[in-house]
1. Determine the sum of side-chain charges near residue 713: Lys and Arg each +1, Asp and Glu each -1, restricted to other residues whose C-beta is under 10 angstrom from that of residue 713.
2. Largest first and in whole Å, give the semi-axes of the stretch 338-447's equivalent ellipsoid, each being the square root of 5 times a Cα gyration tensor eigenvalue.
3. Among 380/487; 79/149; 226/318, which pairs are too far apart, with a Cα-Cα distance over 22 Å?
4. On a full-extension model of 0.36 nm per residue, what is the gain between residue 284 and residue 593, subtracting their alpha-carbon distance, rounded to one decimal in nm?
5. Which order do 243, 313, 95 fall in if you start with the one that has the fewest other Cβ atoms within 10 Å?
6. What three numbers, in Å, describe the spread of the alpha carbons of the stretch 590-726 along their principal axes, ordered from the longest?
7. Report D for the stretch 213-319 in µm² per second (integer): Stokes-Einstein, Kirkwood Rh on Cα pairs, 10 °C, 1.306 mPa s.
8. Mind listing the Cα extents of the stretch 86-195 along all three principal axes, in Å, largest one first?
Amino acid sequence: MKKPDPAAPASLPGTGLRHDAEARLRARQKKPRADAGGTKRKADPQRVFHELQVHQIELEMQNFELQESRNRMEVFVEKYTDLYDFAPVGYFSLDEQGRILEVNLTGATLLGVSRARLIKQRLSPLIAPANRPVFLAFLAQVFASPAKKICEVALMQAGGTSLWARFHGISALGNNGSKKWCRVTVADITAHKLANERVAASEIRYRRLFETAHDGVLLLDPDTRKITEANPFMTRLLGYTRDQLVGKELFEIGLLKDEADSQIMFRKLKRQHEVRYEDLPLESRDGRHQEVEVVANLYQENDRAVIQCNIRDITERKATEAALRASEARYRILFDSGPVAIYSCDGSGVIQNFNRRAAELWGRSPAVGITDERFCGSFKLFRPDGSFMPHKQCPMAMVVSGKMPGVCDGEVLIERTDGSRIIVIVNIRPLKNERGEITGAINCFYDITERKQVEAARHRIEVLAASNQKLEAEIVRRQAVEQSLKKSEQHQRELLSQSRLMQEQMRQLSRQVLQAQEAERKRISRELHDVIAQTLTGITLRLAGLKNEAGLTSKVFGRHLALTQRLVEKSVGIVHRFARELRPAVLDDLGLVPALLSFLKDFTAQTGVRTHLTAFAGVERLDATRRTTLYRVVQEALTNVARHAHASRVEVRIQKLTDGGLCMKIIDDGKSFSVEQTLVVTNGKRLGLLGMRERLEMVGGRFEIESAAGKGTTIIAQLPRGKPGG
């Protein structure tokens, strides 16, 4: 068949197509048509031939149009196939039993199964067991009604994973008009489900925060300025119920002064989107006054403006701040008026703060925060040995740099701008942050110059007591020291006066010691003359009588000899007693406890006063000097008891202290006396008490007396921990 001319215009069915065919036929015929005057027999075949040609051309044109329609249909089918297979949702064709008749590539991909394997398979096994009843009900509804149905189920993929899908289904009519299949679209809504779950969880968290918050929260409508929501804390804070708060403005619940203030706040809030009131008075429904902090924010919620007001009760915080300010004021008073000098440095050593006493000891007031003033505010520093100490090597610098963990009772010499020097004890502790990093340090130091001078003076007095021959030289030296101390401060002159008083007391003590020694010599001489000499004279006479009476009978001679032996034994006992009083041999041979037991036994025999001794075994490890000191204190104390106390019982206790030292107490139940008046040595009659004190102080001990009416007297002797001796 000959193809039609592509340039020919398309014809329409019926007369139009014939008209076009005749036009084309005339165009093909190059000869003109025969005259109408020809014979009828010649015209009829030509007419039939003409009709056939026209019909042939009509058929060619119809075939061309059909070919073009098929081409267009193939293009449409290809586009439809692409849209069908690559659509963003899965397309399924299902029969009444849920078998898959057709499925696009997206649907097969959602299920994770190839399309060929899905055809003629039931869809329900690919749905999670828990959701299969939902799917079957959905399928029944689709076939029961022409309306579109929707359901959401979980699909089981081939890899064992699952996804949430939304099904849209609508029934389709078969060729004979029966409903035998339906069209179903399947969309993956897993992300949507997760988003909804997160939104729901977020809503729950927000609601929980809203209802359990320890701040009051109000939500307001910006247009009406009225409260739309209030959390439980706000109802407790104001004493109103939620229903009573909803619909009110802020000034109506006492949060703002009046409506004008409310309007001002809302205008400001619309401009700045945030308004903060640091301190607002609030009165609750029951008349309770509170201080609150209010923060209001304007934000958009679902294209709708919302105002959120957070109200925090700061009444307790205000009270705490007031208490803190008062505490800070008290601390500042203590800091500035305290007797101890205090200052602090930051991590670089720059002085941050110091009190009045620190400036007094430095002799100057350094500028706070100046980098030139580091580690210490003094003019110059020196070590205890007198060598110069740069500020960057001082104890504070060592602690701030971390080279030393701290300083406890360190000794430093400070030189002031006027040239005077003082000795101070420093105690430094580092300041650290939560990570343990050193951010600075604080130094507490105090002046020990006077104590050092007192210690020096006490040492000089001890030297004077040890050697009377050096007394004049020491006095000359002290006079020279006194002349130099006059150029120093007032406390040095006071120390000099104390030194002179102690010198005078030492002279008096020396005179009393000499007088006591002389009195003891007199007593021993008198005892030797009155007792030993007489006894020895009696022995001499008895021996002479024995010589003259050599002829006596043995019986008489024996009586005379026995009498002479008793005189000799009496003399030996007196000599032993003198020896014990001067220095008991048992103290050196057996120790302190046996010596005290022997002495107490003799004391009870001589005076009738009951005695008791309690001691711990470690006392025997003391050196000989300390044992002698304790023995002499007991000896002198019991001598005073026998002379003055009129006691019936004396108890001696020797106890070990927790620091390694010991404490000896001598307790009697006799008469009491005034300790202060008794210790005054101006009358020279209290040498025993002073002697006990001096003995203890010579070995580093401490002497105390407690006496009260009706309770007797207790003498306390304490010795520090010392090296054990033989």
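Bear in mind that the values in this text are calculations on the coordinates, not laboratory data. Please read all numbers here as calculations on a predicted model, not as lab measurements. Here the Cβ positions follow ideal geometry from the backbone for every residue, glycine too, while neighbour counts run over all protein chains shown.
1. Working: positive: 671, 711; negative: 668, 669, 706.
Net local charge, residue 713 excluded: -1.
2. Each semi-axis is √(5λ); the values are 21, 15, 13 Å.
3. 79/149; 226/318
4. On the way: separation 309, 0.36 × 309 = 111.24 nm, distance 8.04 nm.
So the chain would gain 103.2 nm between residue 284 and residue 593.
5. Working: 243 9, 313 18, 95 15.
The fewest-first ordering by Cβ neighbours comes to 243, 95, 313.
6. 37, 34, 25
7. The Stokes-Einstein estimate is 115 µm²/s.
8. Rounded to whole Å, the extents work out to 41, 28, 25 Å.
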